[in-house]
Amino acid sequence: MARPAQDPQIRRNEILDAAEALFYERGYNQTMVSDIVKKIGVVQGTFYYYFKSKEEMLEALISRHLSKLNSEIEKIMSDDISLQMKLEALPDVIFNTIRTEHGLVFEYLRQDQYLHLVEKVMRQAKKLIAPCLFRIIEEGNLKQIFNAPDPKTCVSFIQAIINCYIEALYEKEPEEVLSHHMAMMKLLIENAVNPPKVT
């Protein structure tokens, strides 16, 4: 029996939620549109009303996760906290956004044939984070809280440091290894904004 009509945005999100749960359970390639509509109890035409294909729906999932990351970053940037706290909070926001109730975001795409999609997500996330990092570092330099000789280079290094930790998460490293990664990441970020003087 068909389900009653819903608000279009609610129905769209319901499709995305069901699809993502199935991707974690079965894998992206193994999940068919028919599985998605069966899970939420609608006809296949409902799916195609909102999305032209499974690939387009995946793009919508990517956009949704990036939008969530963006709104979390904006909250930090507007918070009345110190620049040091903002700098420390950014990696936490990234890692909290990566974790979902099913697992790590897009881990079902971490196979050779989908790595280009993972790279796309990483590039877009870096583009969201870079201006915020730059603003924090530049303002920190002006207030003499930080001493980063070149904020743009500093941003690149901080993103690379964060990326190392993200890779360790996706590689399912043991908690002990992850805690070492976290400690090293914090130390390296601190050294990036306040590099030791070379004599």
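The values are calculated or read from the model by the stated rules, or taken from the named source; none is laboratory data. Keep in mind that this is a model prediction, so the values were computed, not measured. Positions of Cβ are generated from backbone atoms using ideal geometry, with glycine treated the same way; all protein chains shown enter the neighbour counts.
Checking Ala183, Ala160, Ala148 one by one, the residue that is in contact with a Cys (Cβ under 8 Å, 6 or more places away or on another chain) and of a type in the set (A, V, I, L, M) is Ala148 and no other.
Which of the residues spanning region 136-149 are among the charged types (D, E, K, R) and surrounded by 15 or more Cβ atoms within 10 Å (Cβ to Cβ)?
Passing the criteria: only Glu138.
Six or more apart or on different chains, Cβ atoms under 8 Å: show the pairs whose first residue is in region 152-166 and among the polar types (S, T, N, Q) and whose second is assigned to a helix (DSSP H, G or I) and surrounded by fewer than 19 Cβ atoms within 10 Å (Cβ to Cβ). Listed pairs, sorted by first residue: Gln159/Lys126; Gln159/Ala130; Asn163/Met122. No other residue among Ile94, Ile10 is assigned by TED's automatic domain parsing to the domain that holds Leu142 and assigned to a helix (DSSP H, G or I) apart from Ile94.
Return the only residue of Leu117, Leu133, Leu128 being assigned to a helix (DSSP H, G or I), within 21 Å of Lys54 (Cβ to Cβ) and either within 16 Å of the chain's Cα centre (by Cα) or not basic (Lys, Arg) (or both).
Working: Leu133 fails: within 21 Å of Lys54 (Cβ to Cβ); Leu128 fails: within 21 Å of Lys54 (Cβ to Cβ).
Only one candidate passes the filter, namely Leu117.
Does region 50-65 include one or more residues that are surrounded by fewer than 19 Cβ atoms within 10 Å (Cβ to Cβ) and on the phi > 0 side of the Ramachandran plot? Within region 50-65 (the criterion being surrounded by fewer than 19 Cβ atoms within 10 Å (Cβ to Cβ) and on the phi > 0 side of the Ramachandran plot), the answer is no, since none of the residues qualifies. Beta carbons closer than 6 Å, at least 6 apart along the sequence or on distinct chains, pair a first residue in region 47-71 that is assigned to a helix (DSSP H, G or I) with a second that is among the basic types (Lys, Arg) for Tyr50/Arg12.
Kindly indicate whether Leu87 is in contact with a Gly (Cβ under 9 Å, 6 or more places away or on another chain) and either assigned to a helix (DSSP H, G or I) or not acidic (Asp, Glu) (or both). Don't jump to the end; show me each part of the working.
Numbers: in contact with a Gly (Cβ under 9 Å, 6 or more places away or on another chain): yes; either assigned to a helix (DSSP H, G or I) or not acidic (Asp, Glu) (or both): yes.
When the stated conditions are applied, Leu87 passes them.
Taking Leu109, is it touching a Leu at 6+ places or on another chain (Cβ under 7 Å), closer than 30 Å to Met32 by Cα and crowded, with 19+ Cβ neighbours inside 10 Å?
Taking the combined requirement at face value, the residue satisfies it.
Within region 101-116, being of a type in the set (Ser, Thr, Tyr) and either in contact with a Gly (Cβ under 7 Å, 6 or more places away or on another chain) or farther than 12 Å from Phe23 by Cβ (or both) holds for one residue alone: Tyr108.
So that you can scan it fast, the table gives a plain yes or no per residue for (1) in contact (Cβ under 8 Å) with a residue 40 or more places away in the chain; (2) among the β-branched types (Val, Ile, Thr):
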| site | (1), (2) |
| --- | --- |
| Ile94 | yes, yes |
| Arg135 | yes, no |
| Met184 | no, no |
| Pro195 | yes, no |
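Taking only region 98-114 into account, find how many residues are within 19 Å of Lys75 (Cβ to Cβ) and part of a helix (DSSP H, G or I). Matching residues across region 98-114 total 1.
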